[in-house]
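J.: Would you mind keeping the following structure in view while I ask a few things?
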Amino acid sequence: MTDKPAYLTREGRAKLEAELEELVTTERKQVAERIAAAKELGDISESGEYEDAKKSQSLLEGRIREIKHILSRAEMIDEDSASNGEVRVGSSVTVRFEDDDEEETWTIVGSAEANPRTGKISNESPIGSSLLGKRPRQKVTVQTPSGVMKLTIVKVR
């Protein structure tokens, strides 16, 4: 795991803390009960239920470690401070695609919160990192896995 900062909004931090609480208080107990129930069935060396429960436990503990690591490196995004019109982590950016004149708005967030389907893109993604430091009316060319994208920044909030 890396030690670089994990940029989080207040909402993103709250979601991670709630997920961690749920995993530690509820999910752990449920997985432990599944393991105990599978052990009661007898020979665990050939028990599919036991193996499945142990695999679930491993995934659960991995996610708990991951969230704790993210939270330990969390650097809060100051969503209220003025951006001086420049794109930064926490900014909402409206861009116009050069090839079809469509507009789209994204919020630049840390990788722990990124969810492109909801309009949140990572500051580490090709598009997110290309937008950082730019201002409205600037043109940006981005090399993405699906090819070159050309965009113009319309608005920064």
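J.: Do you know which residues across the range 141-157 are surrounded by 14 or more Cβ atoms within 10 Å (Cβ to Cβ) and over 24 Å from the mean Cα position of the chain (by Cα)?
T.: The answer is Thr152, Val154.
J.: Suppose we filter Lys39, Lys134 for residues that are modelled with pLDDT of 95 or more and either not assigned by TED's automatic domain parsing to the domain that holds Leu16 or not in a loop (DSSP other than H, G, I, E, B) (or both); which single one remains?
T.: Lys134
J.: Of the residues in the range 111-131, how many are farther than 18 Å from Thr144 by Cα and either over 20 Å from the mean Cα position of the chain (by Cα) or of a type outside the set (Ser, Thr, Tyr) (or both)?
T.: The first filter runs over the range 111-131 and keeps only residues farther than 18 Å from Thr144 by Cα, leaving 112-113, 118.
Filter again for either over 20 Å from the mean Cα position of the chain (by Cα) or of a type outside the set (Ser, Thr, Tyr) (or both), leaving 112-113.
The total comes to 2.
J.: Does Val89 satisfy the condition of being assigned to a loop (DSSP other than H, G, I, E, B), surrounded by 15 or more Cβ atoms within 10 Å (Cβ to Cβ) and not small (Gly, Ala, Ser)?
T.: It is true that Val89 is assigned to a loop (DSSP other than H, G, I, E, B), surrounded by 15 or more Cβ atoms within 10 Å (Cβ to Cβ) and not small (Gly, Ala, Ser).
J.: Working carefully through the options Lys29, Lys39, find the one that is without any contact (Cβ under 8 Å) to a residue 40 or more places away in the chain, touching a Ser or Thr at 6+ places or on another chain (Cβ under 9 Å) and surrounded by fewer than 16 Cβ atoms within 10 Å (Cβ to Cβ).
T.: Only one candidate passes the filter, namely Lys39.
J.: Tally time: how many residues in the range 1-36 are touching an Asp or Glu at 6+ places or on another chain (Cβ under 6 Å) and in a helix (DSSP H, G or I)?
T.: Final tally of qualifying residues: 1.
J.: Restricting the first residue to the range 42-57 and requiring it to be surrounded by 15 or more Cβ atoms within 10 Å (Cβ to Cβ), which pairs with a second residue that is among the aromatic types (Phe, Trp, Tyr) and modelled with pLDDT of 75 or more meet a Cβ separation below 9 Å and a spacing of at least six or different chains?
T.: Close Cβ pairs (under 9 Å, with a partner that is among the aromatic types (Phe, Trp, Tyr) and modelled with pLDDT of 75 or more) amount to Ile44/Tyr50.
J.: Taking Ser111, is it at pLDDT below 95, polar (S, T, N, Q) and in contact with a strand residue (DSSP E or B) (Cβ under 6 Å, 6 or more places away or on another chain)?
T.: yes
J.: Suppose the filter is surrounded by fewer than 15 Cβ atoms within 10 Å (Cβ to Cβ) and not in a helix (DSSP H, G or I); does Thr94 pass it?
T.: Working: surrounded by fewer than 15 Cβ atoms within 10 Å (Cβ to Cβ): no; not in a helix (DSSP H, G or I): yes.
No.
The values are calculated or read from the model by the stated rules, or taken from the named source; none is laboratory data. For clarity, every value in this text was computed on a predicted model and none was experimentally measured. Here Cβ is always computed from backbone atoms with ideal geometry, including for glycine, and neighbour counts include all displayed protein chains.
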